[in-house]
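To start, the structure under review is shown below, and the notes come after it.
The values are calculated or read from the model by the stated rules, or taken from the named source; none is laboratory data. As the structure is a computational prediction, the values presented were derived from the model and not from experiment. As a convention, Cβ positions derive from the backbone with ideal geometry for all residues, glycine included, and neighbour counts pool all protein chains shown. These area figures cover heavy atoms from the full protein model, side chains too; ligands, DNA and RNA do not enter into them. Shrake-Rupley method; radii C 1.70, N 1.55, O 1.52, S 1.80 Å.
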Amino acid sequence: MVSQSARIPSLSRRAGDCYASTTEPEVNVRSEDGSVTLYLGVHSLASHDGSVAMFDDAQHRVTALEEERVTRDKHSVGRAPMHALAAIASEHHVDFASPELQFARPWFQGTPMRVSDERTGAERTEIVATDTPDDIHEMLARLNEPAPVQPTVLVRHHLAHALVAAWQSPYDSGVALVCDGYGDGESGSSWTFARGQVPVRLDSIPVDDSLGEMYAAVTRYLGLGTHAEGRTMALAAYADGADTFDCVAIGPEGWRVNLAPEPGTIFSPTRRAWLRHLEFRFGPPVPRSYWSATLGADASTLADDATFQRAVAVAGLAQRTLEAAVGEWLAAVSSRHPETPLVLGGGVFLNCAMNGALRRRFPGLRMFFCPLAGDAGTSIGAAIGAMASLAGRWPDRHPHLDLGLSFPDAHIEPLLRQSGVDFIDAGDELPQRVADLLRRGALVGVFHGRSEFGPRALGQRSLLALADGTATAARVNAAKQRALWRPLAPVVREADVAQFLAAPRAHSAEDLRYMIVAMSVADQFAAAHPAVTHVDGTARALAVGPSGSGGQVFLDAVLSGLAGGGAPAVLINTSLNDAAEPMVLTPKDALRYALASPLDALAIGGFLVTKRGR
């Protein structure tokens, strides 16, 4: 049992709707018997990628869900995660009136900054508590639920990133590096951490030097869409050369961006400066209509297309700048903290190509790339911050990302019957039946167990196909409405990893478990499986085995079924959705997508749905 109260700075409102730090009185955030057993982290009350995370301390259970999965609105920009909150509350029977419930959320820009780092010694408040009504109260009111009993714990945005990365890592202590767009008035930070405690800030990188804003500006300039940095990363692989942006000075301690911020909103001056620079250097932006018009063309078809080649060149500059700058930062930090593991969070570390380059550059450095590095993961970080501050500990580490909602067969079967589709209850034969379909060239969707949290399809909501050639890849891209020049990822068995990686010992189990690193593949694998090998000879692989999540155990059985029939135990693995929507969440979502897409079959729960005539 922990004490009834904890020393956390309190907040009050004052003119300008800005939080102002007051004194540091004792803030009672405990019930009368001193126990908070349920921590709810809420991210993105007025931003993007809203999410809710719940730690049930009594049941040792973790649940996390993005708002987009429930609403089917990709990234849910500007929407509070009310539907995700309601879904988690419904599944777990959350009593919002309970004094045992503690809300927490990331603390965003708009608060006075007291920057703290090891060089200046200045102070900065990282975690505070407030009983001032905010968007959490508004969400609860819209759900006809009472206001929370306990004051809300607010955790600085970058601290939330650092906490989720450190919590999910295999290390008990180390240094956490955070790199994103603009976060909470900064674009980078570093922290020392020890499991169970609140991390201690080392330093901060200003927004003017934001690599995340640089990459977002390039993505916008190239006409690839909002939150589409993965497309820029894919394009960059087609580029030649070693040069970087000349306006970014990269040196032994990191980097400095030599651009004057453009006037604009508090979030966009750096991005606006980059857009101005890109137009000056490379001409008018690429129109979004260009990519729609060339959707069915592969890179070889576009080899002589001037617009495509300009896009490739700019994307290549952005990628090389990112890799060089972050590489120098890691080198400097590791030299100041030798023999210390580094855990890497914030949206920039979702760049799998950069992560692969860092692995190759620092083969002996212990690094963990957080698969929940995007802003959605800060709901988990905020909840951990609340527990660390109030209870002096963290929740147990959860190595798998099947953290979402689950749907038993008793829920799925009535839906299938009402839909009038052809299906069978395959039971234990389901993996082999799926393997047989795949061997015959079918595209098969997989809906298994709890949904994934985060951007990667890790076997819970996946689309599978043979990785035997480019024709199958073209079918998958058509089903996903994806550009043909974008790479597809392989899934292999853990036992087969050494056969496909060029340097298997260079990668950790986490690299292979989370699809977070683009790894160099062996030449023989690349020749046999061009569908899942990118033009630069890398693959963002998922390795599955009998100790993985439920969906990964299922995929391992499917791959073994393929191998038993003489086929290579390699498959295309991508997310179960089209380009306009996030990954499916519910059985209804999965069935709707399966019927509207070129899928041939859907393995859902213990059932196999097949389309007539296929």
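May I ask you to list the residues of the stretch 340-372 whose amide nitrogen lies under 14 Å from a point 7 Å from Cα along the Cα→beta-carbon direction of residue 227?
Answer for this model: 347.
Between 431, 401, 385, whose Cα lies farthest towards the positive end of the dipole of the stretch 383-435 when Lys and Arg beta carbons carry +1 and Asp and Glu beta carbons carry -1, centred on the Cα centre?
385
With a cut-off of 8 Å between alpha carbons and a minimum separation of six or more residues, what is the relative contact order of the chain in percent?
15 percent
Within the set of other residues whose C-beta is less than 11 Å from the C-beta of residue 367, count the net charge using Lys and Arg as +1 and Asp and Glu as -1.
In short, +1.
I want the local charge near residue 260. Using Cβ-Cβ distances under 12 Å, sum +1 for each Lys or Arg and -1 for each Asp or Glu among the other residues.
Local charge sum for residue 260: 0.
Using protein chains only and a probe of 1.4 angstrom, how many square angstrom of residue 417 are accessible, to the nearest 10?
150 Å²
Mark the label point 7 Å from the Cα of residue 393 along Cα→Cβ and return the residues of the stretch 188-204 whose backbone N is within less than 19 Å of it.
Counting backbone N atoms under 19 Å from the label point, the list is 194-199.
Which of the GluC sites (Glu not before Pro) across the stretch 45-110 are loop residues per DSSP, with 10 or fewer other Cβ within 10 Å?
Here no GluC sites (Glu not before Pro) fit, given the DSSP loop and packing criteria.
How many nm separate the modelled label positions at residue 588 and residue 194, each set 7 Å beyond the Cα in the direction of the Cβ?
So the label points at residue 588 and residue 194 sit 5.0 nm apart.
Mind ranking 379, 520 by accessible surface for me, highest first, 1.4 Å probe?
Ranked list, largest accessible area first: 520, 379.
Search the structure for amide H atoms under 5 Å from the amide H of residue 544, placed 1.01 Å from N in the peptide plane, and list their residues when 5 or more places away or on another chain.
So residue 544 has HN proximity to 492, 493, 494.
Per residue, how much accessible area does the chain have with a 1.4 Å probe, in Å²?
38 Å²
Once you list every other residue whose beta carbon is under 11 Å from the beta carbon of residue 54, what net charge do they have if Lys and Arg are +1 and Asp and Glu are -1?
With Lys, Arg at +1 and Asp, Glu at -1, the neighbours total -2.
Please report the accessible area of residue 433 (heavy atoms, 1.4 Å probe, ligands and nucleic acids excluded) in Å², nearest 10.
So the heavy atoms of residue 433 present about 100 Å² to solvent.
Among the aspartates and glutamates, select those whose C-alpha is under 15 Å from the C-alpha of residue 74, and discard any that sit fewer than 8 residues away in the same chain.
In chain and number order, the partners are 49, 66, 229, 375, 578, 581, 589.
Check cross-link reach from residue 611 to the lysines: straight Cα distance under 27 Å, and skip same-chain residues fewer than eight apart.
480, 588
Given labels modelled 7 Å from the Cα in the Cβ direction, how far is it in nm from residue 567 to residue 138?
With each label placed 7 Å out from Cα toward Cβ, I get 5.1 nm.
Nothing charged except the Cβ atoms of Lys and Arg (+1) and of Asp and Glu (-1): what's the magnitude of the dipole of the chain about its Cα centre? Round to the nearest 20 debye.
1080 debye
Could you order 98, 173 so the one with the most accessible surface comes first? Probe is 1.4 Å.
173, 98
Per residue of the chain, what 222 nm ellipticity follows from adding -39500 (n - 2.57) for every DSSP H run with n ≥ 4, rounded to the nearest 500?
Only helices count here, giving -10000 deg cm²/dmol.
Per-residue accessible area for residue 74 at 1.4 Å probe radius, Å² rounded to 10?
80 Å²
Restricting to Cα pairs below 8 Å that are 6+ residues apart, what does the relative contact order work out to for the stretch 472-555? Please round to a whole percent.
Across the stretch 472-555, relative contact order equals 35 percent.
Taking each pair of different alpha-carbon atoms in the stretch 289-374 once, compute 1/r for the pair, average those values, and report the inverse of that mean as the Kirkwood hydrodynamic radius in Å to one decimal.
15.1 Å
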